[in-house]
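K.L.:
Here it is, the structure, as structure tokens.
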Amino acid sequence: MIQYTYALILFFTVFICFIASFDRRIRFDRAFIPFFKASIIVAVFFIAWDVWFTHRGVWWFDTRYTVGLIIAGLPLEEWLFFIFIPFSCIFTYFCIDKFFELKALSAFNNIVVFVSIIVCAVVALRYSDRIYTLVTALVTILTLLVFHFVLRVQWISQASLVFTVLMLGFLPVNGILTGTGLESPIVNYNPADFIGFRVFTIPIEDAVYGYTQFLLVLYFFKKFQNNAHVQNA
């Protein structure tokens, strides 16, 4: 049973969201195609990132907790991670945006972007010798710069608020992956490549990484969703 641990984490993360997608008040099932297009585009980048960091020994997997199928150095479950976890995140955003008025938060975009960029820049300079910390901070800075100043995205504050809510699910899921309640972590980290600050068992870099991934998937999801509405109009 232990070899299904990672798979079960993914299953229970997405199961309720998937079933609720068909609720007549939500109908997220109508957005499945835009979601899958968006998640696959972003997954290509992050899987390459994952393969590279695994190859460098920045982290590695305890395959006792996986079904045993390894692709490009990653367990099958790690590949599925980039579909299942974004699904739950985008579903949550979709629901909150549907039932609550969040547009007023756009007024805080400048504050959110500038504070985030400054913090990430300071961290990148301070820990430039920690490869995962450095790359995560730089990718986050680049994402925010492009979204805010080039693409003029207006929902960064809304997405940031929703991501804060998502942390309620992020902590237990990533907590188990990083060792909470298990004999050993499913994902193990090289301490030389991280700041070393953890929220329970979770490296703080994982939260920043998750935030950036969420923003990117959400951007493409909205883009494909708008294109679908135009075609159906």
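The values are calculated or read from the model by the stated rules, or taken from the named source; none is laboratory data. This one's a predicted model, so the numbers in the text were calculated from it and none came from an experiment. Cβ coordinates were reconstructed from backbone atoms using ideal geometry, including for glycine residues, and neighbour counts include every protein chain displayed. Side chains are part of the model used for accessible areas, which takes the heavy atoms of the whole protein and leaves out ligands, DNA and RNA. Shrake-Rupley method; radii C 1.70, N 1.55, O 1.52, S 1.80 Å.
K.L.:
Tell me the residue from LEU134, LEU145, LEU138 that is over 20 Å from ARG56 (Cα atoms) and either modelled with pLDDT of 95 or more or surrounded by fewer than 19 Cβ atoms within 10 Å (Cβ to Cβ) (or both), please.
P.N.:
On the way: LEU134 fails: over 20 Å from ARG56 (Cα atoms); LEU138 fails: over 20 Å from ARG56 (Cα atoms).
On inspection, the qualifying residue turns out to be LEU145.
K.L.:
If VAL113 passes every condition in (1) open to solvent by 90 Å² or more (accessible area, probe 1.4 Å); (2) within 27 Å of PHE35 (Cα to Cα) but one, which one does it miss?
P.N.:
Condition (1) is where VAL113 drops out.
K.L.:
Follow-up question, since we're still on this one. Being assigned to a loop (DSSP other than H, G, I, E, B) and of a type in the set (Asp, Glu) is true for just one of ASP129, ASP97. Which residue is that? Reasoning before the result, please.
P.N.:
Details: ASP97 fails: assigned to a loop (DSSP other than H, G, I, E, B).
Only one candidate passes the filter, namely ASP129.
K.L.:
Step by step: first the residues of segment 34-82, then only those that are in a loop (DSSP other than H, G, I, E, B) and either of a type outside the set (Val, Ile, Thr) or within 18 Å of LEU10 (Cα to Cα) (or both), then the one that is most open to solvent (accessible area, probe 1.4 Å). Which residue is that? Working first, answer last.
P.N.:
Of all residues in segment 34-82, those in a loop (DSSP other than H, G, I, E, B) come to 57-58, 62, 66-69, 72-73.
Adding the requirement that they be either of a type outside the set (Val, Ile, Thr) or within 18 Å of LEU10 (Cα to Cα) (or both) leaves 57, 62, 66-69, 72-73.
Values: GLY57: 25, ASP62: 28, THR66: 4, VAL67: 72, GLY68: 51, LEU69: 90, ALA72: 65, GLY73: 43 Å².
Filtering segment 34-82 for residues that are in a loop (DSSP other than H, G, I, E, B) and either of a type outside the set (Val, Ile, Thr) or within 18 Å of LEU10 (Cα to Cα) (or both), the one most open to solvent (accessible area, probe 1.4 Å) comes out as LEU69.
K.L.:
The conditions are (1) closer than 23 Å to THR140 by Cα; (2) touching a residue at least 12 places away in the same chain (Cβ under 8 Å), and TYR6 fails exactly one of them. Which is it?
P.N.:
Tallying (1) closer than 23 Å to THR140 by Cα; (2) touching a residue at least 12 places away in the same chain (Cβ under 8 Å), TYR6 fails exactly one: (1).
K.L.:
Listed residues PHE87, PHE114; which is within 23 Å of ILE40 (Cα to Cα), at pLDDT 95 or above and out of contact with any Gly (no Cβ under 8 Å at 6 or more places or on another chain)? Quick ask: steps written out before the conclusion?
P.N.:
Numbers: PHE114 fails: within 23 Å of ILE40 (Cα to Cα).
Result of the check over PHE87, PHE114: PHE87.
K.L.:
Out of segment 156-206, which residues are buried (at least 21 other Cβ atoms within 10 Å of the Cβ), touching a helix residue (DSSP H, G or I) at 6+ places or on another chain (Cβ under 7 Å) and part of a loop (DSSP other than H, G, I, E, B)?
P.N.:
The answer is ILE186, PHE194.
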